Each structure stands twice: as C-alpha cells, then as structure tokens.
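Below is one structure, written out as structure tokens, with a few remarks after it.
Just so you know, all these numbers are worked out from the coordinates, no wet-lab data involved. This is a predicted model, so every value here is computed, not measured. Glycine also receives a Cβ, built like all others from the backbone with ideal geometry; neighbour counts cover every protein chain displayed.
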There are 2 protein chains.
Amino acid sequence: MQFSKSTDYAMHALIHLAHSERRHNVGIKELSATLGVSESYLSKIMSKLRQDGIVRAVPGVNGGYELARPAEQITFLDVIQVIEGRQQLFECSNSNSRQHGMLAEEGAARPGKSECLVEKVMDGAERHLHQYLRDHTIQSVLDEAFKRCGHEANKK
Amino acid sequence: MQFSKSTDYAMHALIHLAHSERRHNVGIKELSATLGVSESYLSKIMSKLRQDGIVRAVPGVNGGYELARPAEQITFLDVIQVIEGRQQLFECSNSNSRQHGMLAEEGAARPGKSECLVEKVMDGAERHLHQYLRDHTIQSVLDEAFKRCGHEANKK
DNA sequence: TTTATCATGGACATTGTGGGTCTATATTAA
DNA sequence: TTAATATAGACCCACAATGTCCATGATAAA
C-alpha cells in the first residue's frame, strides 16, 4: 500500500507550474529537466492532469502547460484521485460468505444487504484521510516554502 | 492505491477467532470454509499473523489458531502493518532534483538535508490515518455487531 | 509408539499493474 | 512552410498480489 511515483511526479510538476505561473507556459522539456523524469513518461501524467481539468495545455511553438485554476483551488486529494483513481481504499470481497451471516446471526431474517463492519471502519478511515487531503493545496505548499525562506532570511 | 485482499482476509479471520474464543482452537479448515478462501492461501496469511505475535498456533490434533492477546488490544493498524508492511505511504523520489533547490532557492546555502514539503504533508496525512486505525480494534467490530443484533431484537 | 491431524515453508504458476520507451500524428507560432 | 510542442497508442519489462501444490515437522489421541 503505497502511493505511486506518478503521484509524486504530478505533485512536483504542479508545484513547479504554480511557481512559474506569471512567466510563461512551461514545456515538458523544462518540467522533465526539473524533476529528473523522462519527457515520455511525464507527458503521460500531464495528459491525465489535463483530461481531469487540473492543467491546460497548448501545443505548438511556445506552448506548454499552465494551471487550469488557482493553486489554492487544487487540493492534494484532487491530484491523488486523478493519478490513483477513485476506487475506495478497501472493499470487502466477502459479501456473501458465512462470515457476515455469523455477525448478524441473532439478528436473523433481515433480507436487506448486510454491510461489512470491517469495510465500515475502513470507509471511516478513508473519509478522514480525504478530509485532510482536501485541506492541503498546491498553494499551501508554496506558502510553506516561502515561509521557510523568510525564516532563513531572518536568521541571517 | 488499495488495501490488498490479504488484509481483508486477515481482518475477517481475526474476527472469527475472537468470536469463537471461548470454545476451542480454530483450524485452518474452519477458517477457510467460513471466509471462502483456499486453505493454502489463508495459511500463508495466518503464518504472518503468528510471526508478528497477533495469533498463536498449535499444531497436532485439535490444534489451530487463537488470538495471542485480547481482541481489544488488536488494532486495525496492527493487522494492516503486518500484511501491508511498514513502509511509509509516500516517499519523495526527488530528493536531489532541482525541484527542492527551487523551493529553497532564496534561502540558499543551507548545506543540510532539505526535506520535501510534499512528503511532509503526506506524512501528516499518514499520521492521522494511523491514529484512526489505532482507535479501532477487533473487539470494537464485535461490539458493533452485537449492538446491531440487540437493536434488531428490540425492533421485534 | 504409532497414527491421524494439524501448521509451516518453499517452489512454482498466473495475472495485473506500475513504470517506462518509442513513434506517429495533430496543432500552433513564427 | 517549418520548427516546436502536446497527444495517443503500441510496446516492454519487472515485480508484486494471488493462488496452488507438496514435503516436512510438531503434537495429541489411540
């Protein structure tokens, strides 16, 4: 259970875009050189981000990528869901086994779907995780970086 | 990014053990039949749980598995870490790229390790997740199941 | 002591997916 | 028109998840 490298690449690419916002569109060459990832692979990731409306892309000379909306409106959750997909973290593969019957045995005779209690806990965990990831944005990382720089400067 | 089926199996196996605690040791046959998973595969999972001190196993006639400690002392996190491993959820593969230099560029000249700010956020997320998973135990699932049964009974 | 019952560990097969490259094609600015 | 750029698709490889099978070892009951 780990986040993929693609998520890592996507996050850093977006941070770079946010940081170069004012200047110009950022081409795949520049991104690739900055992150140390091949152009081929990185462009796959950027395409995904475009398809989901996180970035815009313009082809042709002086083309490249830019954020499709302000950096404070791009959350960690947004990015992760684009790259990792939106399946739930945990799915009980056990729905019709005897296990769930066991857990509800005295309750009996209820015809409706019996929900898996393990899944219920895990879904709770996932909701918490999502909330945390919604509270952190590309912009919040930039702010943190600037704050750190300022701190460094003050110390000097 | 999903939890493996093995984690699912492990959770349900432990719940079954907790539920049958008073009676006798539970053999792999019974577990296998209850969960609908092959004995071969399930025994691999049970071995892992034993190696990490979650369950005890006794071979021989009338042998089988039992919880190695009370169900309220076996957390979701315990089980997940046994099955999924203990690597962190997110690792920045980018430590010496130009990206991190960029983020600290005005701060400059600090020789020490520059921590990845993306990783920092993700580590925070992981800590939250872990805390949630520590707060839920095998016993808490059983309690929930019993509560549900009682509720059903009252309605009748 | 023997034997039936149980768990363990290793070897192996299969499949899917993450991670990655390469090439052809479409689009745009100069 | 041409050079620069993104896009889409065809491939590739390595590795992990999932699973089976078999030999071995430990144990209690007979």
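Ranked from shortest, the separations from the 7 Å Cα-to-Cβ label point of B:Val61 to its equivalents in the other copies are 9.0 nm. Listed values for region B:32-38 are Karplus-derived 3J(HN,Hα) couplings in whole Hz (6.51 cos²θ - 1.76 cosθ + 1.60, θ = phi - 60°), namely 4, 5, 5, 8, x, 10, 5, and x replaces Gly and Pro. Around the amide H of B:Val55, modelled in the peptide plane, lie the amide H atoms of B:Arg50, B:Ala68, all under 5 Å away and 5 or more residues distant in sequence or on another chain. The other copies place their A:Arg50 label points at 5.6 nm from this one, listed shortest first, where each point is 7 Å from Cα along Cα→Cβ. Averaged over the residues of A:121-128, the number of partner chain Cβ atoms lying within 10 Å of the residue Cβ comes to 6.
For A:Asp135, nonlocal amide neighbours, meaning residues 5 or more places apart or on other chains whose placed amide H falls under 5 Å from its own, do not occur. The mean number of partner chain beta-carbon atoms within 10 angstrom of a residue's beta-carbon across peptide B:78-88 is 1.
For the set B:Lys5/B:Lys48; B:Lys5/B:Lys147; A:Lys5/B:Lys120; A:Lys147/B:Lys120, the pairs lying more than 19 angstrom apart at their alpha carbons are B:Lys5/B:Lys147.
Using only atoms on other chains, find how many Cβ atoms lie within 10 Å of each Cβ of peptide B:1-8 and report the average.
Numbers: counts 12, 8, 8, 2, 4, 0, 4, 9.
Average neighbour count from other chains, rounded to a whole number: 6.
Amide H contacts for B:Gly64 (H built 1.01 Å from N in the peptide plane; partners 5 or more residues away or on another chain; cut-off under 5 Å): B:Val58.
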